[in-house]
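Asker: What follows is a single structure, and I will ask about it in a moment.
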Amino acid sequence: PSLLRSSRNNSASTFHWMFGEKATIVITGGNVNGSLPVNGSTEFWDVNERKSIRGPYLPYPLENHCMLVFNDQTLILGGNSNGQVMYQSLYLDESRFEWRDFGHNLIYGRESFACSVVEVNQSNKKVIVVAGGIGEFGSALNSIETFNGDSWERSGVMSSPMTHMSIVSFDHKAIMVGGIRDNQGVTELYEVQCETDLQCTTVKMDRELQYP
């Protein structure tokens, strides 16, 4: 069977059409082969050829970060680098085959958080949504922020701090599912909806998961 180049914990991945044509899963960072310290290696899994190739190294070791594709760019957001919670974001420069500074830092440094891309109502524009996670002082966060292509904006809060949530985007909204609060699973659901690329709101839904 085809395998990844390395086993990884606390890594991140996303799907992208590399160079406009190759169906690729981009896998970055994490605790490689169960060893410490955290690694900055990356690899690209070619979906059609079912093989992995070595990718460019990150500028710094990273784990517990988040990855997504926004405006046809592969991005890495936040994470933890050797114990430091990160504000920084990176993008993959395909022409140079290297990871570079995205130039737009998160408002709050965070790791073990949720991220997704949401379409704006009645528009072709999109925004990035990030929520929760662990902040720079080791405490869980309840904040939500959005990125409209120019800047990060504060876009509401959850009723209490949470980490390790899942997030799903559909029908011009992002739904945050479950997570961990005070070392216990939660059943709450939150909805983020954007009327414009500068105006996003967060509300707690009136239904919950059956199981935490």
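The values are calculated or read from the model by the stated rules, or taken from the named source; none is laboratory data. Since the structure is predicted, the reported quantities are computational estimates derived from the model, not experimental observations. Here the Cβ is made from the backbone with ideal geometry for all residues, glycine too, and neighbour counts use every protein chain on show. Note: accessible area is taken over every heavy atom of the protein model, side chains too, but ligands, DNA and RNA are not part of it. Shrake-Rupley method; radii C 1.70, N 1.55, O 1.52, S 1.80 Å.
Asker: How many of the residues making up the range 176-204 are in a strand (DSSP E or B) and within 23 Å of Phe147 (Cα to Cα)?
Answerer: Qualifying residue count, the range 176-204: 16.
Asker: Same structure again: Answer yes or no as to whether Glu136 is over 20 Å from Val38 (Cα atoms) and of a type in the set (Asp, Glu).
Answerer: Answer is no for this residue.
Asker: Here's something else I'd like to know. Can you find even one residue in the range 69-81 that is more than 16 Å from Thr28 (Cα to Cα) and either open to solvent by 50 Å² or more (accessible area, probe 1.4 Å) or in contact with a helix residue (DSSP H, G or I) (Cβ under 6 Å, 6 or more places away or on another chain) (or both)?
Answerer: There is at least one residue in the range 69-81 that is more than 16 Å from Thr28 (Cα to Cα) and either open to solvent by 50 Å² or more (accessible area, probe 1.4 Å) or in contact with a helix residue (DSSP H, G or I) (Cβ under 6 Å, 6 or more places away or on another chain) (or both).
Asker: For the range 102-170, which fully contained strands (runs of 3 or more DSSP E) count at least 1 residues that are touching a Gly at 6+ places or on another chain (Cβ under 9 Å) and free of Cβ contacts under 8 Å to residues at least 40 places away in the same chain?
Answerer: So the answer is 143-147.
Asker: Of all residues being over 18 Å from the mean Cα position of the chain (by Cα) and among the acidic types (Asp, Glu) in the range 34-80, which is modelled with the lowest pLDDT? Just the residue, please.
Answerer: Top of the filtered list is Glu49.
Asker: Can you name the residue in the range 68-101 that is part of a strand (DSSP E or B) and among the hydroxyl-bearing types (Ser, Thr, Tyr) and is also nearest to Val168 (Cα to Cα) among such residues?
Answerer: Per the stated criteria, the residue is Thr74.
Asker: I'm trying to understand the selection: among the residues of the range 140-170, which are over 17 Å from the mean Cα position of the chain (by Cα) and open to solvent by less than 30 Å² (accessible area, probe 1.4 Å)?
Answerer: If the condition is that a residue be over 17 Å from the mean Cα position of the chain (by Cα) and open to solvent by less than 30 Å² (accessible area, probe 1.4 Å), then Met158, Ser160 are the ones that fit.
Asker: Kindly indicate the residue of the range 87-139 that is β-branched (Val, Ile, Thr) and closer than 12 Å to Leu77 by Cα and also most open to solvent (accessible area, probe 1.4 Å) among those meeting that condition.
Answerer: The extreme case among them is Ile107.
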